[in-house]
Ligand code: DLL
């Protein structure tokens, strides 16, 4: 099923012509209206008319998160405030949040983009959709909300948290589609099980996103909630959800390429990498009015696949991200992505799908402790079993990471549960 078949199946040549036309317009708006871009172009000795093909894009300087902070709150907006209808912001762990603004046209485009992605995985006006993303400045809830409304689904704007009530409504209202972060979905599934109502739920589809989720974790969520879990990707600086998402085949996330132009660069050198190589995703908006962005460095690591998908869409697909370049932990010189650890943990039966990573420094050496939760606390007293399980996990982690870790097995339900994006890494070295 398609929401906008023409756009989603456009022949590549036609799509590229459209992208170039839109790119040129976006560049001239940025250059003419935003001092930030005028300065970047002038410093690089670049004029807008020097961008005459898509391959010239690589000459444009990058935009980074700090540009948003430096221009806080509205300095990145390309239209007068009276044209802005909505503001969102991402919390940011330090300092001021990143603020984004949408015109009426942007809001329309946003809900169209998300609608395409959710229709691609089978959401429809038959659905009762429970939005368990936090409503507010975060783009997740309202981003999904208006797209669900557009396709005619019945929406339960539940927001995140209050998990027992969440489950009660799922049961009483016959929720068919759940919208949340993958980690919250897992927790909702756990609470449903505890309440003994797992088998009474009618939820069949999960529209998840906003954080990484390994295939192994997806399998756990699907088992716990008995649904089909799909992945949506995006970031507030560019749009929010609606940048890319899976189709039913789940072989990569289709980019809404007529609105967002992706590139992959070497995060170290900034050079554009050849097609198919893995690196940092950079995105240029092609139709945003309120907040056009040129070459935004997402810090997300992925790869692009331009082969036509069997679903009929011609749009480029990105792999599930392996993590953000700034999530990468350097432990005794070895690069470790938390997603690698997640893949291991999720396949071990005796442990629950919850974990926490504690990085520290002892005697001038980095240490990595992997805390995992047992499914059955009674084995804690059986030392031989515990030792054997710990050794097995340590061995699997060593094979994947090439690194010695400390594995701690903890009581069932003792690790924190997350209702939004999970925070699983505690890096004590940063103090
Ligand atoms: O998380 C937007 C969103 C909301 C996307 C709901 C999908 C669903 P931010 O809070 O600005 O925006 O965070 C953006 O989250 O750069 C990625 O690192 C990460 N991220 C978002 N979606 C995914 C995903 C929203 N599907 C940052 N897989 C991005 C992995 C994701 N990481």
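The values are calculated or read from the model by the stated rules, or taken from the named source; none is laboratory data. This is a predicted model, so every value here is computed, not measured. So basically every Cβ, Gly included, is an ideal-geometry build from the backbone, and we count neighbours across all protein chains shown.
Data overview
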| item | result |
| --- | --- |
| Condition met for residue 227 (without any contact (Cβ under 8 Å) to a residue 60 or more places away in the chain and surrounded by fewer than 23 Cβ atoms within 10 Å (Cβ to Cβ)) | yes |
| Subset of region 299-319 [within 23 Å of residue 65 (Cα to Cα) and surrounded by fewer than 18 Cβ atoms within 10 Å (Cβ to Cβ)] | 319 |
| Qualifying residue in region 403-424 (condition: within 16 Å of the ligand (Cβ to nearest atom), touching a helix residue (DSSP H, G or I) at 6+ places or on another chain (Cβ under 6 Å), in contact (Cβ under 8 Å) with a residue 24 or more places away in the chain and part of a helix (DSSP H, G or I)) | no |
| Residue under evaluation residue 250, criteria (1) within 15 Å of the ligand (Cβ to nearest atom); (2) at negative phi, criterion not met | (2) |
| Test result for residue 245, part of a strand (DSSP E or B), within 11 Å of the ligand (Cβ to nearest atom) and more than 25 Å from residue 66 (Cα to Cα) | yes |
| Hey, residue 246 modelled with pLDDT under 95 and either over 30 Å from residue 88 (Cβ atoms) or surrounded by 22 or more Cβ atoms within 10 Å (Cβ to Cβ) (or both) or not | no |
| Residue selected from region 107-133 under the condition more than 15 Å from the ligand (Cβ to nearest atom) and in contact (Cβ under 8 Å) with a residue 40 or more places away in the chain, by the criterion farthest from residue 230 (Cα to Cα) | 109 |
| Residue among 77, 3 that alone is at pLDDT 95 or above, closer than 27 Å to residue 115 by Cβ and in contact with a strand residue (DSSP E or B) (Cβ under 6 Å, 6 or more places away or on another chain) | 77 |
| Listing of helices (runs of 4 or more DSSP H) fully contained in region 1-91 that carry 2 or more residues being closer than 30 Å to residue 134 by Cα | 65-70 |
| Test result for residue 137, touching a strand residue (DSSP E or B) at 6+ places or on another chain (Cβ under 6 Å), in contact (Cβ under 8 Å) with a residue 40 or more places away in the chain, assigned to a loop (DSSP other than H, G, I, E, B) and within 16 Å of the ligand (Cβ to nearest atom) | yes |
| Tally, over region 188-207, of residues that are surrounded by fewer than 24 Cβ atoms within 10 Å (Cβ to Cβ) and part of a strand (DSSP E or B) | 1 |
| Residue in region 167-178 that is touching a residue at least 24 places away in the same chain (Cβ under 8 Å) and within 16 Å of the ligand (Cβ to nearest atom) present | yes |
| Test: residue in region 273-280 that is in contact (Cβ under 8 Å) with a residue 60 or more places away in the chain and surrounded by 20 or more Cβ atoms within 10 Å (Cβ to Cβ) | no |
| Residue 362 being in contact with a strand residue (DSSP E or B) (Cβ under 9 Å, 6 or more places away or on another chain) and either loosely packed, with under 15 Cβ neighbours inside 10 Å or modelled with pLDDT of 95 or more (or both) | no |
| Some residue of region 379-401 being surrounded by 18 or more Cβ atoms within 10 Å (Cβ to Cβ) and not in a helix (DSSP H, G or I) | no |
| Unmet criterion (only one of (1) at pLDDT 95 or above; (2) away from the ligand (no atom under 15 Å from the Cβ); (3) farther than 21 Å from residue 121 by Cβ; (4) surrounded by fewer than 17 Cβ atoms within 10 Å (Cβ to Cβ)) for residue 333 | (1) |
